[in-house]
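The structure appears right after this line, and notes come after that.
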Amino acid sequence: MKNRRKALIVLALASVMITGSIATAFAATTNGKTNATEAASQASEKNRHGKKEKIAEPDNAIGKDKAQAEALKDAGIASDKVEKIRTRVSKLDDGTVVYKVGFVYGDKYYSYKINALTGAVADKSEQSAEEHAALKSHGKNRKKEETAEPDNAIGKETAQAAALKDAGISSDKVEKIRTYVSKLDDGTVVYKVGFIYGDKHYSYKINALTGAVADKSEKSADEMQNGHGHKKDKAEISGTEKSGNE
């Protein structure tokens, strides 16, 4: 009888241990799957918010060469007459996949969006080659230097107004005005304001808290296109500064 009781006790303990081991293993597996899911989700978020998501070319797409041909046909320009033709796959807001075709002809830059399935022109535009080069350079610098806007900042519109006031130019006279937040080497947060007036590109750094001009320069369209040019009329602000909101 005693041996039987001992055997039953041993079996009961063994059953408890086995059950516990199974529960632990199940929990570990579940946690592993959860962690893997979370990691995959975080990776997906990184792709969406960190680096631009690459758009896949549809299986039944017309192809980049055909898209280029359709763009050139619409523009009425022979392929051997254009410069720097570039084509990439993109997606419109409504989900339509298109080829973005861009090329230079003479002093003009042509931009086309060609439906990747039908070859139809979804959108097109043109601008001067100099203007395109300037905006492209501005966009690259913006990605590199953009930073957070302070809570008590004057705002982009006030910064633009301060730059235009200093330049003595009214807002309805300028072209392609762009403003973004950046940071100087000493940590001062500024708005970088850039705009075109006539054949000049003006660049301003406006203190994000006071509205004062921290720096300014102007370049010719040729200098912007070539990616160089020296600063003119640099304004270093010192002493007491009034708030841009006053």
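The values are calculated or read from the model by the stated rules, or taken from the named source; none is laboratory data. Every value quoted in this text rests on a predicted model; they were computed, and no experiment measured them. Here Cβ is always computed from backbone atoms with ideal geometry, including for glycine, and neighbour counts include all displayed protein chains. Quick note on the areas: whole protein, heavy atoms, side chains included, nothing else; ligands and nucleic acids left out. Shrake-Rupley method; radii C 1.70, N 1.55, O 1.52, S 1.80 Å.
Can you name every one of the strands (runs of 3 or more DSSP E) wholly within segment 83-131 that holds 3 or more residues which are exposed (fewer than 15 other Cβ atoms within 10 Å of the Cβ) and not β-branched (Val, Ile, Thr)? Step through it out loud before you land on a result.
Numbers: elements: 83-91, 97-105, 108-115, 121-128.
The strands (runs of 3 or more DSSP E) meeting that bar are 83-91, 121-128.
One line per residue, one yes/no per condition, for (1) open to solvent by 20 Å² or more (accessible area, probe 1.4 Å); (2) at pLDDT below 85; (3) more than 25 Å from Glu130 (Cα to Cα):
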| site | (1), (2), (3) |
| --- | --- |
| Ala162 | yes, no, yes |
| Tyr180 | no, no, no |
| Leu184 | yes, no, yes |
| Gly198 | yes, no, no |
| Leu209 | yes, no, yes |
| Asp215 | no, no, no |
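Looking at (1) assigned to a helix (DSSP H, G or I); (2) over 11 Å from Ala122 (Cβ atoms), can you tell me which one Glu70 breaks?
Tallying (1) assigned to a helix (DSSP H, G or I); (2) over 11 Å from Ala122 (Cβ atoms), Glu70 fails exactly one: (2).
Quick one: is Glu236 surrounded by 12 or more Cβ atoms within 10 Å (Cβ to Cβ) and at pLDDT below 90? Break it down stepwise before answering.
Numbers: surrounded by 12 or more Cβ atoms within 10 Å (Cβ to Cβ): no; at pLDDT below 90: yes.
No, not satisfied.
Which one of the conditions (1) surrounded by 14 or more Cβ atoms within 10 Å (Cβ to Cβ); (2) over 28 Å from Ser111 (Cβ atoms); (3) at pLDDT 90 or above does Gly194 fail to meet, given that it meets all the rest?
(2)
Do we have any residue at all in segment 124-132 that's more than 23 Å from Lys216 (Cβ to Cβ), touching a Lys or Arg at 6+ places or on another chain (Cβ under 8 Å) and modelled with pLDDT of 85 or more? Show your work before the answer.
Of the residues in segment 124-132, the ones more than 23 Å from Lys216 (Cβ to Cβ) are 124-129, 132.
Add one more test, that the residue is touching a Lys or Arg at 6+ places or on another chain (Cβ under 8 Å), and what stays is 124, 126-129.
Retained after the next criterion (residues that are modelled with pLDDT of 85 or more): 124.
Taking every residue of segment 124-132 in turn, at least one turns out to be more than 23 Å from Lys216 (Cβ to Cβ), touching a Lys or Arg at 6+ places or on another chain (Cβ under 8 Å) and modelled with pLDDT of 85 or more.
Sort out which residues of segment 145-160 are at pLDDT below 85, more than 17 Å from Asp215 (Cβ to Cβ) and in a helix (DSSP H, G or I), and write them in order of number.
none
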